[in-house]
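Working notes for the structure below.
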Amino acid sequence: MSSQSLKVQIIQKAWQDEAFKQQLLADPKTAIKDAFGVELPDDINLTAVAEEDKHFYLVLPPNPEDAASADGDVELVW
């Protein structure tokens, strides 16, 4: 995998490959596994959405203090 984060690679591929984009929107875990060989754990939920010209999403990440005390040891380079 290149030095770019997985998130950047996924976005770039979705911009370039409409079939991948549609699969990503429908079944993101399978799309990522098929395209990048990265299998996300079963306990990780992932939703992919596409912003539009006048419809945007603001995603609030978990509070780092909460993440530090959470169970599980998932390390993803996102």
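Excluding same-chain neighbours fewer than eight residues apart, the lysines reachable from LYS33 by a Cα-Cα span under 21 Å are LYS7, LYS13, LYS21. Couplings 3J(HN,Hα) for segment 31-47, derived from phi with the Karplus relation 6.51 cos²θ - 1.76 cosθ + 1.60 (θ = phi - 60°), are 4, 5, 5, 5, 7, 10, x, 9, 9, 7, x, 4, 7, 9, 9, 9, 10 Hz, where x marks Gly and Pro.
Taking a sphere under 11 Å around the Cβ of LYS29 and counting the other residues whose Cβ falls inside, with K and R at +1 and D and E at -1, yields a net charge of -3. Label separation (GLN9 vs PHE36): 0.6 nm, computed from points 7 Å beyond Cα along the C-beta direction.
This model, with +1 at the C-beta of Lys and Arg and -1 at the C-beta of Asp and Glu, gives segment 6-69 a dipole about its Cα centre of some 180 debye.
Note that segment 6-69, at 25 °C in a medium of 0.890 mPa s, gets a Stokes-Einstein diffusion coefficient of 185 µm²/s from its Kirkwood radius over C-alpha pairs. Contact order for segment 6-69, expressed relative to its length and based on alpha carbon pairs under 8 Å spaced 6+ residues apart, stands at 20 percent.
Quick note: the coordinates plus some simple rules give every number you see, no bench work behind them. Just so you know, these numbers come straight off a predicted model, no measurement behind them. In this analysis, Cβ positions are derived from the backbone assuming ideal geometry, glycine residues included, and neighbour counts consider all displayed protein chains.
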